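What follows is one structure encoded as structure tokens, with my remarks underneath.
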Amino acid sequence: MIKSNSKIQQFPAESRILQIMKVESPGLNKAVISDPDVRYTALENYPEIQALQGFIVSPNYHMISELTEFHKIFYCSIGSALLIKEESTPVFISQGTAIHILPDEKWQILLGRGPQQWLFAHWIKNHSAIPTHSLMESRPFHVPSCSQVVGDLCKRAIEGIERLDRYPNFNLAWINMLVHERNKSVRHFRLTPLFNEAGGAIGELVHAIKTRPENNWSLSCAAAVAGYSPFHLSRLFKATANMGFPEFVDRCRTEIAIERVISSNDSIALISDQCGFGSPQAIRNALREFTGFLPSELRIQNPCD
């Protein structure tokens with residue numbers, strides 16, 4: 001059973017402070033060769049797409065996830081959430097994450113604090129235009145870790161949220177590419193940019209930070225490890241990662257802390273020390289800033305503090 005944190009309530013849809021837009025597409029157009037005068041015909045049961053955007057004051061459930069008779073795709077452009085399934089450890093997802101949920105599986109999505117922008121699509125089983133197979137499993141995946149094509153389609157879908165009903169074939173391509181490439185991502189969320197996969201001195205430095213987050217990673221110490229001057233390392237991170245080095249370190253530590261908070265029974269004080277935060281308040285501040293959740297909220301199914 002899902003154990004709900006007493007501080008989190010499940011609000012009815014009408015009280016949600018979000019703008020939800022339903023895309024009513026005329027259907028997928030396909031050529032009919034037999035009659036040149038009738039060039040198009042509508043494909044029945046076209047996937048339904050919804051856009052959700054707004055600001056969440058406190059963690060809030062989104063109930064579209066309970067449409068268990070359908071395939072579902074959720075894509076997070078901005079924001080964060082916990083995916084919650086009975087008898088399973090909650091899964092944290094953030095900006096750039098998508099999840100394909102199979103029919104007959106009931107998941108709940110708990111949206112985190114702060115700005116949110118999502119696209120949701122659902123479609124019937126055995127849809128003729130969206131091939132799936134019986135060996136598939138529901139899974140989240142990180143879109144920027146997939147091919148550039150998938151990333152570009154997601155970007156265009158978000159940019160054209162208000163015009164999606166005009167491009168039914170594009171919508172179908174977007175859904176199919178997400179389904180097709182869902183297994184190409186090892187991680188399902190990131191709080192740091194992908195440049196940290198690069199080799200060389202920077203790649204080694206990032207690897208060291210993520211494997212030994214409890215160490216002192218001041219700018220001067222990190223510069224000594226990378227073989228750069230502190231000034232050059234600072235400029236490099238601002239130019240390449242679009243953030244300062246201290247923020248990058250905090251995000252690395254938070255990535256590690258999220259998984260430990262969710263999956264272990266260790267105290268927040270212990271996890272704070274293990275991840276290099278120094279105090280329980282510091283880890284609470286970092287989790288709230290970068291995830292939209294407090295530690296107790298991330299442990300919605302595993303309360304131990």
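The values are calculated or read from the model by the stated rules, or taken from the named source; none is laboratory data. Note that the coordinates shown come from a computational prediction; the quantities given were computed from them, not determined experimentally. Heads up, the Cβs are rebuilt from the backbone with ideal geometry, glycines too, and the neighbour counts pull from every protein chain shown.
Here's the yes/no breakdown for (1) of a type in the set (A, V, I, L, M, F, W, C); (2) within 22 Å of G79 (Cα to Cα):
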| position | (1), (2) |
| --- | --- |
| A121 | yes, yes |
| H127 | no, no |
| P144 | no, yes |
| P168 | no, no |
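Might you check whether a residue that is out of contact with any helix residue (DSSP H, G or I) (no Cβ under 9 Å at 6 or more places or on another chain) and not in a loop (DSSP other than H, G, I, E, B) occurs anywhere in the stretch 176-193?
There is at least one residue in the stretch 176-193 that is out of contact with any helix residue (DSSP H, G or I) (no Cβ under 9 Å at 6 or more places or on another chain) and not in a loop (DSSP other than H, G, I, E, B).
So which residues in the stretch 95-121 are polar (S, T, N, Q) and either in contact with a Pro (Cβ under 6 Å, 6 or more places away or on another chain) or not in a strand (DSSP E or B) (or both), if there are any at all?
As a first pass, look at the stretch 95-121 and keep what is polar (S, T, N, Q): 95, 97, 108, 116-117.
Matches in the stretch 95-121: Q95, T97.
Residues checked against (1) in the same structural domain as T89 (by TED's automatic domain parsing); (2) at pLDDT 95 or above; (3) among the acidic types (D, E):
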site	(1), (2), (3)
T211	no, no, no
L219	no, no, no
Y228	no, no, no
A239	no, no, no
E259	no, no, yes
Q281	no, yes, no
N285	no, yes, no
P303	no, no, no
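Is at least one residue of the stretch 122-129 free of Cβ contacts under 8 Å to residues at least 60 places away in the same chain, in a strand (DSSP E or B) and of a type in the set (D, E, K, R)? So that I can check it myself, show each step before the final result.
Looking only at the stretch 122-129, we keep the residues that are free of Cβ contacts under 8 Å to residues at least 60 places away in the same chain, and these are 125-126.
Right, trim to in a strand (DSSP E or B) and you get none.
No, the stretch 122-129 has no match at all.
Would you check which residues across the stretch 259-273 are touching a residue at least 60 places away in the same chain (Cβ under 8 Å) and in contact with a Leu (Cβ under 7 Å, 6 or more places away or on another chain) and list them?
I262
With the structure loaded, tell me whether S58 is touching a Leu at 6+ places or on another chain (Cβ under 9 Å), at pLDDT 50 or above, surrounded by 13 or more Cβ atoms within 10 Å (Cβ to Cβ) and among the polar types (S, T, N, Q) or whether it fails that test. Before the answer, list the steps.
Working: touching a Leu at 6+ places or on another chain (Cβ under 9 Å): no; at pLDDT 50 or above: yes; surrounded by 13 or more Cβ atoms within 10 Å (Cβ to Cβ): yes; among the polar types (S, T, N, Q): yes.
So S58 fails the test.
Filter the stretch 207-246 down to the residues that are within 20 Å of the chain's Cα centre (by Cα) and surrounded by 17 or more Cβ atoms within 10 Å (Cβ to Cβ) and list them by number.
A241
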